[in-house]
1. Can you bin the stretch 279-321 into rounded, prolate or oblate? Criterion: square roots of the alpha carbon gyration tensor eigenvalues sorted a ≥ b ≥ c, rounded for a/c under 1.5, prolate for a/b above b/c, oblate for the rest.
2. Straight-line reach from Lys233: which lysines have Cα under 29 Å away, leaving out those fewer than 8 places along the same chain?
3. Take the residue pairs Lys358/Lys555; Lys402/Lys446; Lys402/Lys487; Lys402/Lys428; Lys358/Lys428; Lys387/Lys451 and return only those whose Cα atoms are more than 26 Å apart.
4. Report the label-to-label distance for Ile347 and Ala191 in nanometres (one decimal), using points 7 Å from each Cα along the Cα→Cβ vector.
5. Could you rank the peptides 328-341, 417-430 by their average count of other C-beta atoms within 10 Å per residue, with the highest value first?
6. Which ³J(HN,Hα) values in Hz, rounded to whole numbers, follow from the phi angles of the stretch 523-528 under the Karplus curve 6.51 cos²θ - 1.76 cosθ + 1.60, where θ = phi - 60° and Gly and Pro get x?
7. Could you report the accessible area of Ser109 in Å², rounded to 10, computed with a 1.4 Å probe on the protein chains as they sit in the structure?
Amino acid sequence: MTLSIRWKVALGTLFAVTLALAVAGWLALRSIEQVELSRVAEALKARTSLAVLALQPLLAQAGAGQPTSPQQIQSMVRELSRHALARVTVIGPDGTVLADSDTPDDAVSRLENHGTRPEVIQALSAGYGTDIRLSATVGQRMYYLALPMTAANQIRGVVRLAIPLTILEAFAVSVALSVLLARGVTRPLSAMAAVARQLAGGSLGQRIRTTSHDEVGVLGSTLNQMADQLESKIREVSEDRTQLLAMLASMIEGVMVLDCRGKVLQVNPALEQMLMVQGAEARGRAHWEVIRHHELNELVTRVLQTRENCGGEMTATASGRTLRVEASVAGGQRENEACAVLVFHDITAVRRLEKVRKDFVANVSHELRTPLTSIKGYVEALLDGAKDDPEQTLRFLEIILKQTDRLNLILDDLLQLSQIESGQVLFKRDPISLSEVVDRTVALIKPLADKKGHTVTVAMPADLPPVLGDPERLAQVLTNLLDNAVKYTPANGSIHVTGHLAGDLPQRMVELRVTDTGLGIPEADRPRVFERFYRVDKARSRELGGTGLGLAIVKHIVEGHGGRVWVEGNQPIGSRFVVWLPAAAPAREGSGLG
């Protein structure tokens, strides 16, 4: 039958109160036994001393020759035993037993000599003797204490008192039982406490071993179920948190989560880049300390106060990006709960494209309007009577033809640029000699350069590797660059075309340079010269007949070949256009069909 914990505790308390206080371990038992023996020895010594005082006159009379019967000594010993609650034995100096309280009168003389008993030997030699052993007379484990009796400075005998150790042994047994019972009750509780500490420390895999079906066993099983549910919930929360952080980290939109007091709870990496903030430093701080932006702070304050979704645009001070902010209410009402979620969309590229589109429309309109206005003006002049003058008519028609050609050139460049940007133009990827493309293009441009007295030089190494590309498109790139160099270089200038391998790069690149001694491009304008219709000097560009699309076409063709193009300043005057094109992989020796 399984006892309930109430009965176990009740019985344990009853045993502990009845038999003794429980102590843990055998060392404690031995200590208690030694203490109890010391106490018993003190009491027994006192009783033995009293017995010596009571028996000393009788033994002194016997030593003085006065008759003393054994019955008198035996009677006195029995009386002393009754009062001392101990076995009393009187032993002569030669070890003969004179009287014993636990032995019948007629059997005293048949007792064996006690002269070899340890306590007797110690009493005769040292005046005090003790021993613990099994008594052959009474059949019990006894504690003996012996004191000598003296008269006239002579030892007349030894008085020995003995008590059974049954009481001490019962006490030891009771202590052992109490310890075992208490251990049986407290050990499961200690195990539960240890497992609970491990669970609190994060070791969620620990469980309590339960072998009983009482309240302690039920408590252990309940704690195990609670640990299982806790581990499952923590796993779910951890997985949800991991998924949430993964989603936040992979988002291209910036995200900031605030509590009801405006403290930052979470910031994703995209927002860190947008606003140039550190997520670890931002968490736990107020939003106005993290992002010092008046419009944004007003937006957040309005959302937290009104609990309504709203949005707006801002320009980040640190990065200069244009951001669209959408603030949504999350529903948290307390501190450290998500109250508002701000999503930042980087619309810098959109706004830039809008500006480019507006500029493009304005530039196209302006570029088309100029020749159209000229054509319309000369046609009206012809209609107003200029057609009657043959010379005027011829001159006006030539101007109209020139403006028409300019319109066609603009439209052709726009169409070509549109086709390249939309991917309709497929570039070849054949290994070609860049030196041949340069020689062929320079030959076409040289007559124009000669008219202005320019010197054109070419320095292309013979061991320059071929490039992967479309020869016609690369010739168009070089034509546009050389045409610009001829146009914007004053008379008697110089133009240099050079080529060599680029620096140590993972992908081998061939570098082509077109350098002139012309007007040059200011450093502030260099990043924009490849934009459509962008001109450093608008009046001079139109005077020279440029469309403003040549460098834009150059950029798209070069990037379509996997290369790069940029412009640098040429010292002391002029410009240097640099083109990088991927080199073809070198042919392996021994390749081919055998």
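The values are calculated or read from the model by the stated rules, or taken from the named source; none is laboratory data. A quick note: this is a predicted structure, and the numbers were derived from the prediction, not measured. Every residue, glycine among them, receives a Cβ derived from its backbone with ideal geometry; neighbour counts consider all protein chains shown. Side chains are part of the model used for accessible areas, which takes the heavy atoms of the whole protein and leaves out ligands, DNA and RNA. Shrake-Rupley method; radii C 1.70, N 1.55, O 1.52, S 1.80 Å.
1. On the way: a/c = 2.38, a/b = 1.21, b/c = 1.97.
Since a/c reaches 1.5 but b/c is at least a/b, the shape of the stretch 279-321 is classed as oblate.
2. Lys263
3. As for pairs spanning more than 26 Å Cα to Cα, those are Lys402/Lys428; Lys358/Lys428; Lys387/Lys451.
4. Between Ile347 and Ala191, the label points sit 6.6 nm apart.
5. Averaged packing, sorted descending, gives the order 328-341, 417-430.
6. Result, rounded to whole Hz: 4, 5, 8, 4, x, 9.
7. The accessible area comes out at roughly 100 Å².
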